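Q: What follows is a single structure, and I will ask about it in a moment.
Derivation of every value follows stated rules applied to the coordinates shown; laboratory data play no part. On a predicted model such as this, the values are computed, not experimentally measured, just so you know. FYI the Cβ positions are ideal-geometry reconstructions off the backbone, even for glycines, and counts take in every protein chain you see.
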Amino acid sequence: MRQPPFSVSVVIPTYEGKALLARFLPSVVTALRNYTTSTGAPVEILVVDDGSRDGTADWLAAQAFDFTRALAQPVNRGFAPTCNVGFAAARYDLIWLLNNDIEATPDALLPLARHFATPAVFAVASRALRLGGDAIDGAGRLGRCVRGYWKVFEGYDVLPNQTPPDVVLPTLAASGGYSLFDAAKLRELGGFDELLAPFYWEDVELCYRAWKRGWEVRYEPRSLVFHLSSATIKARFEARRVEVIAARNRLLMHWINLHDACWWLMHLAMTCLLLLADVVARRGFREAFRQAWAVRREALQRRQREKAQRQRTDREVAAIFAAIRKLPYARAFRDSDEEALFREALASDLRVALPLADDEPAAGRALR
């Protein structure tokens, strides 16, 4: 079993992102310098260029950032295949997967890495704020299965002065934009499922597989990053196509991973109702279903594999997050209004002055 300190490979997928890298990569370099100074562990950064034509690779070579190299791909293939190239090339114990529009705080990495002293940990997600404001881009993510579909976009966060210092905070999914992964477990799962290319639901599907394999996915609020948010996708794809791809991948996630017999029947019934409703609404669900159905054989093969490997049931996973909703120091939010209520509660909590531990990282101080 590996012991800390853990070596870390950063994987940054990018497409036409030279300007974003110029703005945000220096913060990642600083975070890695701080980590290796604190731990002595080796680090590297792999920027995987997904067929860009903006000279990203040449620009990176000219900058000569510490421990950074570019992996240039000949054609654009999408998020999952690009990340998987980086996962395969990464040399170290842990893989810190970051979007090219992430600004890391100097002490963002160490609180994440500490979790991997627990062998069952698969991934740990940072707390992310929208760049330029206090809106929450990502925190813990709750999940529940309703009428045969997992609801996965309900977030939660905690009030730091009321949260026990050694508490473990699970999250249904560690964001593909700012999370740390166990490299060996990531490769055991085969990385992101390329059936979901070009984007969306890859991180949910991957982490759900990890939960059902018996591993843990955690949220660490003391690791703080800032996110520009969907800068690449919004610039390249019209909203309608994005909605169809997201709906298709949501279907595939369930076809591969939803194994509870009762929930599966509910899923089939609800899918039929959604197809009928889309005859009138015309919101793209029928097209999403058509695209998912076209790869049903591949999805069925994956379903059989995951059923054979599972260590937890769907209901056991759901129970983990039902328990989180009952914690007195946790607050769930589904929309901007509920998030605003949490931020008010957080501001009130932060007025309570508590002494900081001598070894608390700066990210924890920022949260407070």
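Q: Compute the signed sum of charges (Lys and Arg +1, Asp and Glu -1) over the other residues within less than 13 Å, Cβ to Cβ, of residue 296.
A: My count for the surroundings of residue 296 gives +4.
Q: Further question: What is the gain in length, in nm to one decimal, between residue 61 and residue 291 on full extension, counting 0.36 nm per residue of separation less the C-alpha to C-alpha distance? Please report the intermediate quantities before stating the final value.
A: On the way: separation 230, 0.36 × 230 = 82.80 nm, distance 3.97 nm.
Extra length available between residue 61 and residue 291 comes to 78.8 nm.
Q: Any chance you could run the full-extension gain for residue 19 through residue 312? It's 0.36 nm times the residue separation minus the Cα-Cα distance, nm to one decimal. Before the final figure, lay out each step's value.
A: Values: separation 293, 0.36 × 293 = 105.48 nm, distance 4.32 nm.
Gain on stretching residue 19 to residue 312: 101.2 nm.
Q: Regarding the stretch 239-311, what are the three Cα extents along the principal axes, ordered largest first, in Å?
A: 40, 23, 18
Q: Using helices alone, what [θ] at 222 nm do you get for the chain, with -39,500 (n - 2.57) per DSSP H run of 4 or more residues, divided over all residues and rounded to the nearest 500? Walk me through the numbers before you get to the answer.
A: Numbers: 14 runs with 164 residues, N = 368.
Rounded to the nearest 500, it is -13500 deg cm²/dmol.
Q: Continuing with this model, one more query. Among 161, 249, 100, which one shows the biggest mean-square fluctuation in a GNM of the chain, springs joining Cα atoms closer than 10 Å?
A: Comparing 161, 249, 100 in a Gaussian network model of the chain, the most mobile one is 161.
Q: Based on the Cα gyration tensor of the stretch 233-355, what are the three equivalent ellipsoid semi-axes, each the root of five times an eigenvalue, rounded to whole Å and given largest first?
A: Details: eigenvalues 241, 107, 41 Å².
Working through the eigenvalues yields semi-axes of 35, 23, 14 Å.
Q: Moving to a separate point now. Please identify, among 328, 165, 26, the residue showing maximal mean-square fluctuation in a Gaussian network model of the chain using a 10 angstrom Cα cutoff.
A: 165
Q: Given C-alpha coordinates of the chain, what is the ratio Rg to Rh with the Kirkwood estimate of Rh?
A: Working: Rg = 20.3 Å, Rh = 21.2 Å.
Taking Rg over the Kirkwood Rh, I get 0.95.
Q: Test of understanding: what is the full-extension gain from residue 340 to residue 187, defined as 0.36 nm times their sequence separation minus their Cα-Cα distance?
A: Working: separation 153, 0.36 × 153 = 55.08 nm, distance 3.84 nm.
Extending this stretch completely gives an extra 51.2 nm.
Q: Can you compute the FRET efficiency between residue 37 and residue 301 using 1/(1 + (r/R0)^6), with r the Cβ-Cβ distance and R0 = 56 Å? Round to the nearest 0.05. All intermediate terms of the calculation are to be shown ahead of the outcome.
A: Numbers: r = 46 Å, r/R0 = 0.83.
The value I calculate is 0.75.
Q: Follow-up. I need to check one value: relative contact order of the stretch 37-170, counting alpha carbon pairs closer than 8 Å and at least 6 residues apart, in percent. Mind showing how you got there, number by number?
A: Details: 114 pairs, mean separation 18.2, N = 134.
Relative CO of the stretch 37-170 lands at 14 percent.
Q: A follow-up question, please. Go through the stretch 95-107 residue by residue and turn each phi into a ³J(HN,Hα) via Karplus (6.51, -1.76, 1.60, θ = phi - 60°); whole Hz please, and just put x for glycine and proline.
A: So the Karplus estimates, Gly and Pro as x, are 10, 9, 8, 10, 5, 6, 10, 9, 9, 8, 6, x, 10 Hz.
Q: Determine, from the Cβ-Cβ distance of residue 322 and residue 153 and an R0 of 22 Å, the FRET efficiency 1/(1 + (r/R0)^6), rounded to the nearest 0.05.
A: Details: r = 17 Å, r/R0 = 0.76.
Step by step, r from the Cβ atoms, then E = 0.85.
Q: Using 1/(1 + (r/R0)^6) with R0 = 41 angstrom and r between the beta carbons of residue 166 and residue 72, what's the FRET efficiency to the nearest 0.05?
A: Values: r = 44 Å, r/R0 = 1.07.
After rounding, the FRET efficiency stands at 0.40.
Q: Let me ask something else about it. Using Cβ counts within 10 Å as a stand-in for footprinting exposure, how do 9, 179, 52 rank, fewest first? Numbers along the way, then the final one.
A: Values: 9 23, 179 29, 52 18.
Starting with the residue having the fewest Cβ neighbours, the order is 52, 9, 179.
Q: I want to verify a result. In a Gaussian network model of the chain, Cα cutoff 10 Å, which of these has the top mean-square fluctuation: 48, 167, 146?
A: Greatest mean-square fluctuation among the candidates belongs to 167.
Q: Oh, and also: What are the ³J(HN,Hα) values, in whole Hz, obtained from phi via the Karplus relation 6.51 cos²θ - 1.76 cosθ + 1.60 with θ = phi - 60°, for each residue of the stretch 306-318 in sequence order, with x given for Gly and Pro?
A: 5, 4, 6, 9, 5, 10, 10, 8, 4, 5, 5, 5, 4
Q: Antiparallel versus total DSSP beta bridges in the chain: what percent is that, nearest 5?
A: Around 50 percent antiparallel, to the nearest 5.
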